[in-house]
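Trainee: I have a structure I would like to understand better, so I am pasting it below and will then ask my questions one at a time.
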Amino acid sequence: MFALSSGMPPAAIAVVRVSGRQAGAALRSLTGRLPEARRAVLAALKAADGTALDRALVLWFPGPATATGEDLAELHLHGGRAVVAAVEAALAALPGLRRAEAGEFTRRAFENGRIDLAEAEGLADLLAAETESQRVQALGMASGHVSRAVEAWQARLLMLMAGAEAELNFADEDDVEVGESVAQRLREGMAALAGEMGGWLARPGAEVIAEGLSVVIAGPPNAGKSTLINALAKRELAIVSPVAGTTRDVIETALALDGIAMRFSDTAGLRAESADAIEMIGIDRAKAAVEAADILLWLGPPKEAPDHPRAILVAAQADRWKGDAAAEADAARCDLMLSAETGEGMDRLHRMIVEMARTLLPREGEAALRRRQRDALAEAKEWLVIEAGSREAGDLILLAERLRLAGGALDRITGRAGVEEMLDTLFGRFCIGK
């Protein structure tokens with residue numbers, strides 16, 4: 001298979017990659033020879049009929065020590081559209097070669113054991129990363145942070161399983177430990193593993209990084225919500241009007257503050273009732289958005305603020321109410337005063353949102369788990385938790401079975417078992433040539 005593995009032309013250089021059993025034959029056909037392994041060589045590329053295609057750097061990587069685990073060739077071409085098209089046409093004409101499908105290079109790397117499933121998922125996230133936090137998290141996953149933790153847990157599980165098997169099958173041998181001490185040692189080891197897994201499960205999930213934190217702007221009608229989201233987005237996203245009930249639905253925009261992906265939502269003004277049925281639907285949706293928000297920006301009287309664990313109380317429209325004693329008294333009970341119209345308080349609001357957002361993200365150096373990985377790890381942890389005094393607590397056969405089931409759940413994280421149904425979906429996220 002072959003594909004353009006760099007960005008779409010025109011570009012300074014275009015990299016076309018060929019992988020599989022025909023990679024060496026393809027290189028010989030285009031250059032007339034097979035260059036020294038892992039050394040860039042300048043060569044004239046020609047089609048099968050002798051037509052000159054380009055002068056390019058070519059590299060030959062014999063498998064299995066390659067990115068895909070197969071023989072691999074790379075052609076570093078001049079990056080014009082016509083050059084790339086001509087070389088791809090010449091490759092397509094060779095017997096046994098075809099264009100790669102989306103994600104096929106990475107899928108072959110997974111199938112040939114060059115990377116595991118967690119690393120492949122990290123690579124997919126890295127390709128899709130748009131913010132600094134997404135890049136850092138995806139790079140850690142692609143570099144094997146999660147995989148190494150799983151491997152360490154699996155090694156300890158194997159040691160515990162070996163102890164259980166030794167007692168079950170060789171209890172009559174002099175050098176095999178017997179009695180309740182074996183079951184106790186197994187339970188202690190299982191509890192220690194479950195505790196470590198619980199620590200990983202307590203971390204924020206990778207979805208908050210990939211999808212962005214939800215920041216909802218809420219308050220009564222005419223509180224300045226639409227003006228604020230326009231100021232944050234630096235464009236006219238929402239209609240601003242003195243007419244109450246102008247915003248009738250949740251208006252969402254994706255923004256990145258200090259490299260953190262966020263989804264800001266403007267909502268309908270909250271009030272007890274309205275004669276307008278459409279507005280009431282908007283109010284219901286606004287209430288649902290507030291409940292689901294990671295961070296709430298409340299632009300209204302502090303006493304009316306919803307009970308939310310991460311709310312920032314904003315005294316908005318400061319340019320209008322200064323000098324009003326009642327409004328100033330309310331503002332004193334808020335976290336900050338702000339005027340989106342004049343820019344007063346916007347920098348401080350930015351800092352407060354970022355500081356609160358960082359408490360919801362993994363700490364520096366910590367790897368976060370995807371939902372699929374969290375589910376598998378939670379299952380593994382569940383098999384390792386034994387109720388004190390239960391019948392299982394002293395039964396080595398049942399303890400050994402729990403260890404086996406926990407190991408099977410961990411295998412799903414790295415792709416050793418039970419993942420066939422989701423591979424097509426995963427690798428379909430990749431671009432052609434990756």
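Trainee: Per q in 0.13, 0.17 Å⁻¹, report the Debye log10 I(q)/I(0) for the range 294-424, using one uniform scatterer on each alpha carbon and no solvent.
Mentor: Rounded to two decimals, the profile gives -0.73, -0.92.
Trainee: Could you tell me the accessible area of residue 101 in Å² (1.4 Å probe, neighbours in place), rounded to the nearest ten?
Mentor: Counting only protein heavy atoms, the figure is 120 Å².
Trainee: Still on this structure: Starting from the Cα-Cα distance between residue 322 and residue 148, subtract it from 0.36 nm times their residue separation and give me the gain in nm to one decimal.
Mentor: Computed gain between residue 322 and residue 148 is 56.9 nm.
Trainee: Between residue 371 and residue 44, how high is the FRET efficiency from 1/(1 + (r/R0)^6) when r is the Cβ-Cβ distance and R₀ = 56 Å? Nearest 0.05.
Mentor: 0.65
Trainee: Still on this structure: Among the lysines, which have Cα under 30 Å from the Cα of residue 434 when same-chain residues fewer than 8 positions away are ignored?
Mentor: List returned: 46.
Trainee: Can you quote the Å³ per residue value for the convex hull of the Cα atoms in the range 1-89, rounded to an integer?
Mentor: Details: hull volume 7.3 nm³, N = 89.
Taking only Cα atoms, the range 1-89 has a hull volume of 82 Å³ per residue.
Trainee: Turning to a different aspect of this structure: Have a look at 142, 305, 368 and tell me which one the Gaussian network model of the chain (Cα, springs below 10 Å) gives the largest fluctuation.
Mentor: 305
Trainee: Computed from the mean reciprocal separation of all distinct C-alpha pairs, what Kirkwood hydrodynamic radius does the chain have, in Å?
Mentor: 26.5 Å
Trainee: Further question: Can you give the direction-averaged projected area of the convex hull of the alpha-carbon atoms in the range 181-232, in nm²? Intermediate results must be reported in sequence, preceding the final value.
Mentor: Details: hull surface 24.5 nm².
Over all viewing directions, the range 181-232 projects a mean Cα-hull area of 6.1 nm².
Trainee: Here's another thing I want to ask about it. Which value in nm describes the separation of the simple spin-label points at residue 191 and residue 364, placed 7 Å from the Cα toward the beta carbon?
Mentor: Taking the two extended label points, one gets 3.6 nm.
Trainee: Rounded to the nearest Å, what's the spacing between the alpha carbon centres of the range 329-399 and the range 30-70? Just the number, please.
Mentor: If you average the Cα positions of each part, the centres end up 49 Å apart.
Trainee: Still on this structure, please answer the following. Apply 1/(1 + (r/R0)^6) to the Cβ-Cβ distance of residue 11 and residue 397, taking R0 = 56 Å, and write down the FRET efficiency to the nearest 0.05.
Mentor: 0.35
Trainee: Still on this model: Based on alpha-carbon positions alone, could you give the equivalent ellipsoid semi-axes of the range 252-323 from the gyration tensor, as √(5λ), descending, whole Å?
Mentor: In descending order the semi-axes read 22, 19, 13 Å.
Trainee: Mind giving me the nanometre distance, one decimal, between the label points for residue 165 and residue 181, set 7 Å out from Cα along Cα→Cβ?
Mentor: Reported label-point gap for residue 165 and residue 181 is 2.3 nm.
Trainee: To the nearest 10 square angstrom, what accessible area does residue 411 show with a 1.4 Å probe?
Mentor: 40 Å²
Trainee: So how much slack lies between residue 81 and residue 303, counting 0.36 nm per residue of separation and subtracting their Cα-Cα distance, in nm?
Mentor: Working it through step by step, the gained length comes to 73.6 nm.
The values are calculated or read from the model by the stated rules, or taken from the named source; none is laboratory data. From a predicted model like this one, the values you see are computed outputs, not experimental measurements. Cβ: placed from backbone, ideal geometry, glycine included. Neighbour counts: every protein chain shown. Just the protein is used for accessible areas: all its heavy atoms, side chains included, with ligands, DNA and RNA removed. Shrake-Rupley method; radii C 1.70, N 1.55, O 1.52, S 1.80 Å.
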